[in-house]
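So the structure is just underneath, and the comments pick up after that.
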Amino acid sequence: MRSDRRQHARIAVSRPCKMLRVSTQRYESAVTTNVSVGGALVEIAADRDFSPGEELLVAIAWNDAAVVRSNEMVRAEVVRALRGPSGRQTVALRFTQDVRGAMAA
């Protein structure tokens, strides 16, 4: 019996990303730790803590392009966020829209 509750396989990948906090309209820079079609785990150095349920728009830089197109932004919500001793936060995200188009862009 599998104890992992995830519905989608995760791939360990370190890619830069940006996240728009919908409530404040502020962007934060982050780096992915792992990604699946259902969500992502990111590391971020942000002054303000992320909260479960917080809505975000997320863009992951899958290639070396300098500009992220608007169709590459996907809706997500924070599942959990933990601040480590270094001050960086580990934030678990659940994508709330289909991300396959953005991942292929």
> Ratio of Rg to Rh for the stretch 5-85, alpha carbon only, Kirkwood?
Replying inline: 0.93
> So who's got an amide H within less than 5 Å of the one on Asn34, skipping anything under 5 residues away but keeping other chains? H placed 1.01 Å off N, in plane.
Replying inline: Val13, Leu41
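The numbers here are math on the coordinates, done by the rules we state, and not lab data. Since we're looking at a predicted model, the values are computed, not measured.
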